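So the structure is just underneath, and the comments pick up after that.
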Amino acid sequence: MNVDVKASPDHIAMAEPVDIRRIGIVGAGQMGNGIAHVCALAGLTVTIVDIKAEALTKAMATMARNMDRQVNRTVISSDDRDAALARINTSTEYAALGEADLVLEAATEKEEVKRIVYQTMMPHLKASCMVASNTSSISITRLGASTDRPEKFIGMHFMNPVPVMKLVEVIRGIATDEPTFLSVQALARKLGKITAVSEDFPAFIVNRILVPMINEAVYALYEGVGSVSAIDTSMRLGANHPMGPLELADFIGLDTCLSIMQVLYDGLSDSKYRPCPLLVKYVEAGWLGRKTGRGFYDYSQTPPRPTR
Ligand code: NAD
């Protein structure tokens, strides 16, 4: 007989979501500031922790600028903006996360970085605190196992830019309990997002499909099938994509794209996921896309100029 424990009515009846009021965010990069932005506007108290003080200063300035834009477009009022910004605190110390009901980790997409974050952070969290990772690709089961609370550990994968994109992928590790699963789903709804549940396989659903397409576009460039603008124009006008794949790669960050391809390649042991050598070279050069001012486009020019 096939017994699905998760689907058992008794099991579901017992599980209750926890109301998340205080959220900690680790990593103040492009995802961390976007997540903090939507959480603060939804009324949560937000604490952002980063190892770099300048990343925190930059994140506060980015959120203020993005909220100003929303005020100008009458999406929010200036009172909403002021109240939201006042709900955000920043720190370079993990001790600042002691009151959090949930910590969402949005640090660099490297497993060793995330492990260091968890090791350093866990002793400061209250026992009931849940931990979610915004990882784009790394196994939630494996990340959860490196913490002291795998049952309270889950994947909560926001899309970039967070204030605009509706989807949150929710990924349970093998040990994730039902209250944690229900709590992050309720949080996503509170933030105005729609969830899709993915099983814990490399890169989940969106990036399993999206990032190999980006990698293929880099191969097309590498093999001389087309120039940067020919490839992006083709996919924008020929497939109706809002952004070309190389433009999108620069937007995501080429280091993040490469890390995701490596996770797919290692995790699925299939040569079709081999990262394009040109993508590797750009990352080695430090040309990571928009965030460093140069990737497949040069952002020091307006409009950005294709680099090939
Ligand atoms: P980013 O490079 O913009 O920011 C990462 C931040 O993490 C930096 O500010 C860095 O200082 C900080 N950091 C590094 N080590 C740390 C530590 N030990 N403690 C605290 N902070 C630390 O990266 P990002 O694009 O914001 O990505 C963050 C996460 O979100 C990754 O897991 C990535 O895969 C995921 N993600 C990215 C995108 C995207 O489009 N860029 C989309 C969805 C999910």
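The values are calculated or read from the model by the stated rules, or taken from the named source; none is laboratory data. None of the values given here were measured: they were computed from a predicted structure. Cβ: placed from backbone, ideal geometry, glycine included. Neighbour counts: every protein chain shown. The accessibility values were calculated without ligands, DNA or RNA, using every heavy atom of the protein model including side chains. Shrake-Rupley method; radii C 1.70, N 1.55, O 1.52, S 1.80 Å.
Has the stretch 190-201 got at least one residue that is without any contact (Cβ under 8 Å) to a residue 24 or more places away in the chain and surrounded by 14 or more Cβ atoms within 10 Å (Cβ to Cβ)? Steps first, please.
If we filter the stretch 190-201 for residues that are without any contact (Cβ under 8 Å) to a residue 24 or more places away in the chain, which is where we start, we get none.
No.
From the list Met63, Met121, pick out the single residue that is out of contact with any His (no Cβ under 9 Å at 6 or more places or on another chain), within 14 Å of the ligand (Cβ to nearest atom), open to solvent by less than 60 Å² (accessible area, probe 1.4 Å) and assigned to a helix (DSSP H, G or I).
Just one listed residue meets the conditions, Met121.
Out of the residues in the stretch 83-97 that are open to solvent by 40 Å² or more (accessible area, probe 1.4 Å) and assigned to a strand (DSSP E or B), state the one that is farthest from Met121 (Cα to Cα).
Asn89
Please work out which residue is nearest to the ligand (Cβ to nearest atom), limiting yourself to the stretch 140-167 and to residues that are surrounded by 24 or more Cβ atoms within 10 Å (Cβ to Cβ) and of a type in the set (Val, Ile, Thr).
Ile140
Have a look at Tyr273, Tyr265 and point out the one that is out of contact with any Cys (no Cβ under 9 Å at 6 or more places or on another chain), at pLDDT 95 or above and surrounded by fewer than 21 Cβ atoms within 10 Å (Cβ to Cβ). Even if it seems obvious, please write down each step before you answer.
Working: Tyr273 fails: surrounded by fewer than 21 Cβ atoms within 10 Å (Cβ to Cβ).
Testing whether each residue is out of contact with any Cys (no Cβ under 9 Å at 6 or more places or on another chain), at pLDDT 95 or above and surrounded by fewer than 21 Cβ atoms within 10 Å (Cβ to Cβ) leaves just Tyr265.
Can you tell which of Asp19, Asp80 is modelled with pLDDT under 95 and either open to solvent by 30 Å² or more (accessible area, probe 1.4 Å) or within 11 Å of the ligand (Cβ to nearest atom) (or both)?
Details: Asp80 fails: modelled with pLDDT under 95.
After applying the criteria, what remains is Asp19.
Is it true that Thr256 is among the hydroxyl-bearing types (Ser, Thr, Tyr), under 22 Å from Val113 (Cα atoms) and surrounded by 13 or more Cβ atoms within 10 Å (Cβ to Cβ)?
Yes; evaluated as a whole, the condition is true for this residue.
Does any residue of the stretch 101-115 turn out to be touching a strand residue (DSSP E or B) at 6+ places or on another chain (Cβ under 7 Å), in a loop (DSSP other than H, G, I, E, B) and open to solvent by 50 Å² or more (accessible area, probe 1.4 Å)?
Looking through the stretch 101-115, none of the residues is touching a strand residue (DSSP E or B) at 6+ places or on another chain (Cβ under 7 Å), in a loop (DSSP other than H, G, I, E, B) and open to solvent by 50 Å² or more (accessible area, probe 1.4 Å).
Which residue out of Ser137, Ser128, Ser183 is surrounded by 17 or more Cβ atoms within 10 Å (Cβ to Cβ) and in a loop (DSSP other than H, G, I, E, B)?
Ser137
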